[in-house]
Amino acid sequence: MIFQNIISLLSKPYKMQNKYISIGFSNILYLIIILNLFACKQSGDQNAIYNISKSVTADSAMVASAHPLATSVGLDIIRQGGNAIDAAIAVQFALAVCYPGAGNIGGGGFLVYRSKDGEISTLDYREKASSFATADMYLDSLGNPITDKSLYGHLAAGVPGTVDGMVKAFEKYSKLKDWKKLVQPAIDMAENGFKITEREAENLNEDQPLFIKYNLAPTAFHKDKWNAGDLLIQKELAQTLAAIRDKGRSGFYEGNVADHIVNEMKAGGGIITYDDLKAYQAVWRSPVTTMYKGNKIISMPPPSSGGIVLIQLLKMVEPYDLRSIKFQSAATVHLMVEAERRAFADRAKHLGDPDFYKVPSVLTDSSYIQRRMVNFNPRVANKSDSISYGMIESEETTHFSIVDTEGNAVSLTTTLNGGYGAYTVVRGAGFLLNNEMDDFSVKPGTPNMYGLVGAEANKIEPNKRMLSSMTPTIIEKDGKLKMVVGTPGGSTIITSVFQAVVNVIDFDMDADKAIQSPRFHHQWLPDVIITEKDAIPLSERKLLEIIGHTFKDRNAIGRMEAIVITNQGKLQGAADRRGDDDVKGF
Ligand code: GLY
């Protein structure tokens, strides 16, 4: 009987944008099932330390970030006359204090900007490999990766890009023209301390052994037991931020702070030098763009894979009328997963730092992308490979979305890579080092911490930027700002942004519904659909298993911050239910 039903479902047509095609699942028998997704809209009641807001509508300006203190800092800057770039700089520094797992000055990131007049640009402040990095630096004598060597401690760190990135953003676009004002809130927070949330206390407690193992002296994060509401005071970080406030770029890449970094490297076996620090430069790059169902998608080019893969995913599903195939139905999930399988295969082969490797321009060409879907079979899951890899579920990047009173927008994703990066704090300077070197193909063909495989394009070379999945994205429609979106989540970043965009454009969801809905993810290898609980109704999941898909469940995918501009011109903001994330506006 079940078999009969499946046969009948498979024989129903897939509806494309303007026509039905004769193979595929039914587009009428699937139920739209969204199971109690929004029960957990407010985390403020569970965590009374801060007044956290998950969903808000405002007229004028909005900030959505991973921490309520950072959200407040950003909105205050806008209230004082700052624009979205001013607010972004202040939020970046604030998160380095109040969200130490991913906010940072010892890491890097990407910023996508759209001015009120439609000018678009992106800033790449991704970390770089030291000039002493070598292709085999994480391999043993037999050429096999040494466990954890690219993940923890001094040698895992790339040259940090955040401070130079913020300086460059300030020089080009600041309206306030008052650098000190943008850094000061972070200094105050580090100097006086702030109350940690329950989630932060849990993370710090869980990771105490790693802090102890990868530091040469106790750090501000050491404590027998952290509790929600405890004050986290970071005096050394406050001093470093004060140097940045007073001297800008040279307060970090030269002088005392550079001494601390180089001393730390020498003591702990790291390879970052004075010259590496002095030479680091963030780069303005042209965004990658495409049209998707009448919307202009503006996203991050390499060394992030995010923009190109997002464009491929959207163009692969564009011929289909997802609305009629239905949200999270087996047919929709199958289509999106098959697109993801193909796009991530391209990512592994073709993407790397464009300053070192010529990324093929054809990757975003519509006809090339359509050709990639020629062997898409609505009845059968394609097989990626027989190899399967484990996934480590630490994906502590962070994203924030900002719109200011004039309509300028910033979409910014920043990271230390894993939660608390390399776990190593620079003694005397108080900030955590990234473990971004693991984002290189440590050994081409061998998966990194996200299970991602890479090739020659992303091999380690001196001074090269490691490939990223960060996908800060801005969407405009008819020349007007429509959406600002992004998320952490390692390799799942791209597929989460993909789903949020499709949720808004194809399924007409508001910002809150679009990002609180459960997510799923496929990345070519391992050949498995990673899914949040309830992301795919059981009946649909059974169908997907019958045609050859396999599943792996997990708790949470991503922590997204989105702002959608309604047809009436209101700002509709949403902060992810999966964290302490907070959105506010006025
Ligand atoms: N470190 C995560 C990413 O850049 O994609």
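The values are calculated or read from the model by the stated rules, or taken from the named source; none is laboratory data. Just so it is clear, the model here is predicted, and its values are computed rather than measured. Neighbour counts are summed over all protein chains in view; Cβ atoms, including those assigned to glycine, are modelled from backbone coordinates with ideal geometry.
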Can you pull out the residues in the stretch 392-443 that are more than 10 Å from the ligand (Cβ to nearest atom), under 28 Å from Val56 (Cα atoms) and β-branched (Val, Ile, Thr)? Thr398, Ile402, Val403, Thr405, Val410
Scan (1) in a helix (DSSP H, G or I); (2) buried (at least 16 other Cβ atoms within 10 Å of the Cβ); (3) not hydrophobic (A, V, I, L, M, F, W, C) for the single condition Ser367 breaks and write down its number. (2)
Hey, any hits in the stretch 78-86 for a residue that's outside any helix (DSSP H, G or I), surrounded by 24 or more Cβ atoms within 10 Å (Cβ to Cβ), among the charged types (D, E, K, R) and in contact with a helix residue (DSSP H, G or I) (Cβ under 6 Å, 6 or more places away or on another chain)? no
Go through the stretch 550-576 residue by residue and tally those that are part of a loop (DSSP other than H, G, I, E, B) and surrounded by fewer than 22 Cβ atoms within 10 Å (Cβ to Cβ). 8
Residue tally, condition modelled with pLDDT of 95 or more and hydrophobic (A, V, I, L, M, F, W, C), over the stretch 408-459: 12
Can you list residue pairs whose Cβ atoms sit under 6 Å apart, with the first residue in the stretch 101-120 being within 26 Å of Ala186 (Cα to Cα) and the second being in a loop (DSSP other than H, G, I, E, B) and among the charged types (D, E, K, R)? Count only pairs 6 or more apart in sequence or on different chains. Gly101/Glu396; Ala102/Glu396; Gly108/Arg126; Gly108/Glu127
Restricting the search to the stretch 447-500, which residues are assigned to a loop (DSSP other than H, G, I, E, B), under 21 Å from Lys149 (Cα atoms), over 13 Å from the mean Cα position of the chain (by Cα) and not β-branched (Val, Ile, Thr)? Pro447, Asn448, Met449, Gly451, Leu452, Gly454, Ala455, Glu461, Pro462, Asn463, Lys464, Met466
Check on Gly109, in contact with a Lys or Arg (Cβ under 6 Å, 6 or more places away or on another chain), of a type outside the set (A, V, I, L, M, F, W, C), surrounded by 24 or more Cβ atoms within 10 Å (Cβ to Cβ) and closer than 29 Å to Ile261 by Cα: no
Candidate set: the stretch 474-492, residues that are among the hydrophobic types (A, V, I, L, M, F, W, C) and more than 30 Å from Asp527 (Cβ to Cβ); chosen: the one surrounded by the most Cβ atoms within 10 Å (Cβ to Cβ): Val484
Show the residue pairs that are 6+ apart or on different chains and have beta-carbon atoms under 6 Å apart, the first residue being within the stretch 427-443 and among the hydroxyl-bearing types (Ser, Thr, Tyr), the second being within 13 Å of the ligand (Cβ to nearest atom). Ser441/Gly454; Ser441/Asn458
Within the stretch 215-329, strands (runs of 3 or more DSSP E) holding 1 or more residues that are aromatic (Phe, Trp, Tyr): 283-285, 288-292
Qualifying residue in the stretch 91-114 (condition: among the β-branched types (Val, Ile, Thr), part of a helix (DSSP H, G or I) and at pLDDT 50 or above): yes
Within the stretch 270-315, restricting attention to residues that are surrounded by 24 or more Cβ atoms within 10 Å (Cβ to Cβ) and of a type in the set (D, E, K, R), which residue is nearest to the ligand (Cβ to nearest atom)? Asp276
Can you name the residue in the stretch 372-400 that is modelled with pLDDT of 90 or more, of a type outside the set (S, T, N, Q) and under 24 Å from the mean Cα position of the chain (by Cα) and is also surrounded by the most Cβ atoms within 10 Å (Cβ to Cβ) among such residues? His399
Going residue by residue through the stretch 125-146, is there one that turns out to be surrounded by fewer than 24 Cβ atoms within 10 Å (Cβ to Cβ), in contact with a Lys or Arg (Cβ under 8 Å, 6 or more places away or on another chain) and under 24 Å from Val485 (Cβ atoms)? no
Looking only at residues in the stretch 474-491 that are within 14 Å of the ligand (Cβ to nearest atom) and in contact with a helix residue (DSSP H, G or I) (Cβ under 6 Å, 6 or more places away or on another chain), which one is nearest to Leu416 (Cα to Cα)? Gly489
Among the residues of the stretch 513-534, how many are under 20 Å from the mean Cα position of the chain (by Cα) and within 18 Å of Gly558 (Cβ to Cβ)? 15
For Leu216, the lone unmet condition from (1) surrounded by fewer than 18 Cβ atoms within 10 Å (Cβ to Cβ); (2) within 16 Å of the ligand (Cβ to nearest atom); (3) aliphatic (A, V, I, L, M) is (2)
Which condition does Ile494 not pass, out of (1) away from the ligand (no atom under 16 Å from the Cβ); (2) at pLDDT 95 or above; (3) on the phi < 0 side of the Ramachandran plot, if it passes all the others? (1)
Would you check if there is a residue in the stretch 161-172 being outside any loop (DSSP other than H, G, I, E, B) and within 15 Å of the ligand (Cβ to nearest atom)? yes
